[in-house]
Amino acid sequence: MPGAGAILAENHNVDRIEAPVTFKAYLMCAFAAFGGIFFGYDIGYINGIMGMRYFIQEFGNGSAMISASTKSLIVSILSVGTFLGALIAGDLADSFGRRTTIILGCVIFSAGAALQCASTASGMLIGGRFVAGLGVGFVSAIIILYMSEVAPRKVRGAIVSAYQFCITIGIMLASLVTYGTQNFTNSGSYRIPIGIQFVWALILGIGLFLLPESPRYYVRHGELDKATQVLARLRGQPETSGYVTEELAEIVANHEYEMQAVPRAGHFSSWANCFRGSIGKPNSNLRRTILGTSLQMMQQCTGVNFIFYYSTSFFQTLNLEVDPFLLSLITTIVNVVSTPISFWTIERFGRRPLLIWGALGMVICQYIVAIAGTVAGNDKTVVKVEIAFVCIYIFFFASTWGPGAWVVIGEIFNLPIRSRGVALSTSSNWLWNCIIAVITPYMVVGLRERVFFVWGTLCAIAGVYAYMLIPETKGLTLEQVDRMLEESTPRNSSKWTPNTGSMYSVRKNRASVAETANHEEDHEEKEMAGKKASSS
């Protein structure tokens, strides 16, 4: 396989880097997004079974309700496992491949689901949720990495948003199942919702055998023949197509450049590479890592998981005439129908505007809910208004921050640290997911509707954060994103356009300039030495 320089001419139209998007490419990426159902279904089913009478009898130690401490442990332990799983997955994805790591995650998840199904006490249920969390960590971290690396750049934002859409579908499916089994008078009321998780693992695990590995994984390992084959399959082009050779050369050239800047090292040194550079330098690895991890923290601090983890229990405290399970189902349906809006808006308007305006919308809704609940929380009409604005708040999250945060972390890391950077960012998501799951039951007991003051304030901070720090990556290849971070700031990143030449040309020209400068320096030194010799 010839090198990048032989493959690619020095100048070409940047718009021709990728082939036209095929229906097959859509289907492949959409199926990979199916992994989001793991995450979403777990949120939905645990929210539902925590309010079931039979579940409370079984796991509440004979009391009429499960204690706040037991409830927070059952909910949050999955996030602990997922946090660890996401960190481990980064190494495995680089060593064995993105696809293999996701399949392994499905196997581990199935083992955890089996333990949960067999549990008759909280200890075994908690252990099963921890094991399942390890599997979810593998899937949630690497599925974003895989989709970002195989998706065509023109629709990458929409395709990665499909992951969030699958999360919402998972939540809705779980709500439908728990709504149907809530009145069962035996253990089937909670075992059936738990057992259905096997279906998602089976579908994703088997289906991934039919999908190709990421071409960037093969480039990282120097297997350019396999990278060519995979890229041709993904783009629906013959291996000799100019589209395929140009895109491959772009990936190879950028990887070679990055490896010169950050050479491949041992296990701990490679992790340390994620934290190299100055925080003030926009394209430094440290800056990217902080951006990715803090963005996922901000997504969790919007408070949305309060709704999806504890809404059934919360609605039960409002003493409404409406079934709280039905209200929870309605919130999940709003979540599902709102998310596909982002498929269009994230490519039409970009990542930055969605995150900024989405945060503003959430702030307004949450403060309305908090103020209304504080002023007249016992008035049933006011409570209905609160529920309406909770649904509007979910709409803003589902169409902006829900998918937007996942899209950005899949785009901002360069190839040498991409798997670990995405893993760290996903781990941050699960760490804060865990923290919020632990503290929320106690917050609700003390604050009730006033808890929305907390979420609203955090959303206001998230809006300022997005304005100051989030770059616009719409319409760029992953290699061009790397260049954009080098040459612009977040606030003017939307105005940045790629150079007329390819990334390879840019990298090569820089190397040529450096080589010329070194040559001239050596020539000057030789001349000086000659003058000294002649004068002596």
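Here is how the numbers come out for the structure above:
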| read-out | value |
| --- | --- |
| Number of the exception - Ala158 against (1) within 27 Å of Asn273 (Cβ to Cβ); (2) crowded, with 22+ Cβ neighbours inside 10 Å | (1) |
| Tally, over the stretch 466-492, of residues that are within 18 Å of the chain's Cα centre (by Cα) and in a helix (DSSP H, G or I) | 4 |
| Any helices (runs of 4 or more DSSP H) falling wholly within the stretch 330-415 and containing at least 1 residues that are among the hydrophobic types (A, V, I, L, M, F, W, C) and either surrounded by fewer than 24 Cβ atoms within 10 Å (Cβ to Cβ) or at positive phi (or both) | 341-348, 351-376, 380-399 |
| Selection within the stretch 171-228 - free of Cβ contacts under 8 Å to residues at least 40 places away in the same chain and among the aromatic types (Phe, Trp, Tyr) | Tyr218 |
| Residues of the stretch 154-187 satisfying the condition of being of a type in the set (Ser, Thr, Tyr), more than 19 Å from the chain's Cα centre (by Cα) and assigned to a helix (DSSP H, G or I) | Ser175, Thr178, Tyr179, Thr181 |
| Criterion violated by Val80 - all others in (1) under 24 Å from Gln164 (Cβ atoms); (2) open to solvent by 10 Å² or more (accessible area, probe 1.4 Å); (3) modelled with pLDDT under 75; (4) not in a loop (DSSP other than H, G, I, E, B) satisfied | (3) |
| Flag if Ala64 is out of contact with any strand residue (DSSP E or B) (no Cβ under 9 Å at 6 or more places or on another chain), assigned to a loop (DSSP other than H, G, I, E, B), open to solvent by 40 Å² or more (accessible area, probe 1.4 Å) and modelled with pLDDT under 80 | yes |
| Exclusive hit being in a helix (DSSP H, G or I) and over 23 Å from the mean Cα position of the chain (by Cα), set Tyr190, Tyr146 | Tyr190 |
| Residues that are modelled with pLDDT of 85 or more and in contact with a Leu (Cβ under 7 Å, 6 or more places away or on another chain), drawn from the stretch 147-203 | Leu176 |
| Checklist (1) at pLDDT below 85; (2) open to solvent by less than 40 Å² (accessible area, probe 1.4 Å); (3) closer than 26 Å to Ile417 by Cβ applied to Gly207, failing item | (3) |
| Output for the stretch 89-105, where each listed residue is surrounded by 24 or more Cβ atoms within 10 Å (Cβ to Cβ) and not hydroxyl-bearing (Ser, Thr, Tyr) | Ala89, Gly90, Ala93, Arg98, Ile102, Gly105 |
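The values are calculated or read from the model by the stated rules, or taken from the named source; none is laboratory data. Here the structure is a predicted model, which means the values were calculated and not measured. Don't worry about glycine lacking a Cβ; one is built from the backbone with ideal geometry, like all the others, and counts go over all protein chains shown. We work out accessible area using only protein heavy atoms, side chains counted, and drop any ligands, DNA or RNA first. Shrake-Rupley method; radii C 1.70, N 1.55, O 1.52, S 1.80 Å.
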